[in-house]
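Trainee: Input: one structure, supplied below.
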Amino acid sequence: MHSRKIYSHRVWVDNQLQPATICFDNGAITAIHFEKSATAEDFGNAVIMPGVIDVHVHVNEPGRTEWEGFETATQAAAAGGTTTIIDMPLNASPVTTTLKAFEQKLESTAGKMNSNVGFYAGLIPGNSQHLEAIMQAGVVGVKCFLTHSGIDEFPNVTEKDLDEAMPIIAKYNLPLLAHCELYDKEAECDFESNPTSYQHYLASRPKQWENDAVDLMIRKCREHNCPVHIVHVASAEALSKIEVAKKEGLPITAETCTQYIYFNAEDIPDASCIYKCAPPIREKANNDQLKQAFVTGVLDFITTDHSPAPPGIKEMESGNLKKAWGGIAGIQFLLNGSWTAMKDVMTLEQFIPLVTSKPAAFVKAKNKGSIEMGKDADFVIWNPEEREKIKEENVFFRYKISPYIGQNLNGIVSETIVNGETVFQNNSIKNKNKGQWLLQK
């Protein structure tokens, strides 16, 4: 590793954009000077900020590597300015619900980490006795579903399972991440007869499912004093519940994803399965409220829930939303997609923590998320004012199936630096496998 000095008029230091030279060596920040050093590379007015952190990603390795895999997922992350991802415990095979499965997951990353990678354990019925060993091995949280996950090996939990597991998780002060949809019976909306209609798909997963599940998780959080994190909030009706719980002092956090603030149901064409995710992308009025929840602090940070799949199971040809695999491939577009969605709602200074310091604090990554002496040299250099149309050939994840292709997004990444090494520059991957595990021990 060689030492470098990089300068810009707009460097994110001390929670503000200001002129600074950042010096780094051996993967760590060695000095910060608030002027241009004589030997520094000058990036002009480009923004230099901590690398983006995406704490909700499905990489699907081992076992379903034909869906994605660490090699392509982490290249796509780096291409979008993301230097750290946290991988979910399902969609891999085996699912990460035992220590042995977690060890297999770690082995599967060898030689394929183009960004830093952390991991969650999975909570499913009957695996509470395995949690302690996986948490001791360094996962940064535990994930559960309150409805069917789509993967049979990863069944949803019941209230009884939560009561069993939450005291164990609370002991380690790790968050329990919950996919919040809960229902007794299917919504009556005749989706069966209209399988290509997006409005019928939307009606098939109503806001009430989310609201009820959020109520349950708040109640359980209160009972067990276990940190709870609500993933991908899509129902604006749940926001007031989360706000009240936070004011009560409960250890509760919540995110939404780029797709829920960038796209709106009114604009989604029928028979276009690239938009299918669960919970569904809802109406503009709803999504505008999600954006405001970042201004008020009810939502804590933004993620992608990158969930890739081969064209066949995405029903790209049939357009059958009922049969299609749910999930949006978006790992490369956390920074530019979210900034495009939020730029009219907040300043760049308000936005930057939503993809850097706040997710870093959530996963207790003490050396990431800010530019400070001794911290990791993970940076993105980008131009938020520049705009580009996303083309298929610019996409680094495995299958070029994404609703972001064809979109005009604000923010062009010129360079991504991981642990002091340039991984992405000039639209190409430069140095491979510079990422490291993010384990919490």
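Trainee: A265 fails exactly one of the following numbered conditions: (1) open to solvent by less than 10 Å² (accessible area, probe 1.4 Å); (2) under 19 Å from the mean Cα position of the chain (by Cα); (3) under 30 Å from E68 (Cα atoms); (4) aliphatic (A, V, I, L, M). What is the number of that condition?
Mentor: The one condition A265 does not meet is (2).
Trainee: If you don't mind, there's one more thing I want to ask. Quick one: in segment 11-70, of everything that is of a type in the set (D, E, K, R) and assigned to a strand (DSSP E or B), which residue is surrounded by the most Cβ atoms within 10 Å (Cβ to Cβ)? Give the derivation first.
Mentor: Looking only at segment 11-70, we keep the residues that are of a type in the set (D, E, K, R), and these are 14, 25, 35-36, 41-42, 54, 61, 64, 66, 68.
Subsequent filtering for residues that are assigned to a strand (DSSP E or B) retains 25, 41-42, 54.
Values: D25: 15, E41: 13, D42: 13, D54: 29.
Ranking the candidates gives D54 first.
Trainee: Give the residue, chosen from K358, K366, that is more than 18 Å from P308 (Cα to Cα), within 17 Å of the chain's Cα centre (by Cα) and either open to solvent by 60 Å² or more (accessible area, probe 1.4 Å) or among the basic types (K, R) (or both).
Mentor: K358
Trainee: Only residues in segment 262-279 that are on the phi > 0 side of the Ramachandran plot count as the first member; pair them with residues that are open to solvent by 20 Å² or more (accessible area, probe 1.4 Å) and not acidic (D, E), Cβ under 7 angstrom, at least 6 apart or cross-chain, and list the lot.
Mentor: Hits for this filter: A271/T196.
Trainee: If the requirement is being part of a helix (DSSP H, G or I), touching a residue at least 12 places away in the same chain (Cβ under 8 Å), acidic (D, E) and within 23 Å of L354 (Cα to Cα), which of these qualifies: E243, E255? Explain how you work it out, then say what you get.
Mentor: Values: E255 fails: part of a helix (DSSP H, G or I).
Of the residues listed, the single one that is part of a helix (DSSP H, G or I), touching a residue at least 12 places away in the same chain (Cβ under 8 Å), acidic (D, E) and within 23 Å of L354 (Cα to Cα) is E243.
Trainee: Out of all the residues in segment 144-156, which are surrounded by 22 or more Cβ atoms within 10 Å (Cβ to Cβ) and either over 19 Å from V57 (Cα atoms) or touching a residue at least 60 places away in the same chain (Cβ under 8 Å) (or both)?
Mentor: Matches in segment 144-156: L146, F154.
Trainee: When you look at T83, is it in contact with a Lys or Arg (Cβ under 9 Å, 6 or more places away or on another chain), at pLDDT 95 or above and surrounded by fewer than 24 Cβ atoms within 10 Å (Cβ to Cβ), yes or no?
Mentor: Values: in contact with a Lys or Arg (Cβ under 9 Å, 6 or more places away or on another chain): yes; at pLDDT 95 or above: yes; surrounded by fewer than 24 Cβ atoms within 10 Å (Cβ to Cβ): no.
Criteria not met by T83.
Trainee: So, in segment 392-435, how many residues would count as being crowded, with 17+ Cβ neighbours inside 10 Å and closer than 30 Å to Q104 by Cα?
Mentor: Residues in segment 392-435 being crowded, with 17+ Cβ neighbours inside 10 Å and closer than 30 Å to Q104 by Cα: 20 in total.
Trainee: Right, something else. Would you be able to say whether some residue in segment 280-302 is among the basic types (K, R), modelled with pLDDT of 95 or more and in a helix (DSSP H, G or I)?
Mentor: Kept after step one, since they are among the basic types (K, R), are these residues of segment 280-302: 282, 284, 291.
Applying the additional criterion that residues be modelled with pLDDT of 95 or more yields 282, 284, 291.
Retained after the next criterion (residues that are in a helix (DSSP H, G or I)): 284, 291.
Yes, some residue in segment 280-302 is among the basic types (K, R), modelled with pLDDT of 95 or more and in a helix (DSSP H, G or I).
Trainee: Quick test of your reading of the structure: E392 fulfils all but one of (1) closer than 24 Å to A234 by Cα; (2) of a type outside the set (A, V, I, L, M, F, W, C); (3) free of Cβ contacts under 8 Å to residues at least 24 places away in the same chain. Name the failing condition by number.
Mentor: All conditions are met except number (1).
The values are calculated or read from the model by the stated rules, or taken from the named source; none is laboratory data. All of these numbers come straight from a predicted model, not from anything done at the bench. Virtual Cβ from ideal backbone geometry, glycine too; neighbours counted across all protein chains shown. Only protein heavy atoms, including side chains, enter the accessible area calculation; ligands, DNA and RNA are left aside. Shrake-Rupley method; radii C 1.70, N 1.55, O 1.52, S 1.80 Å.
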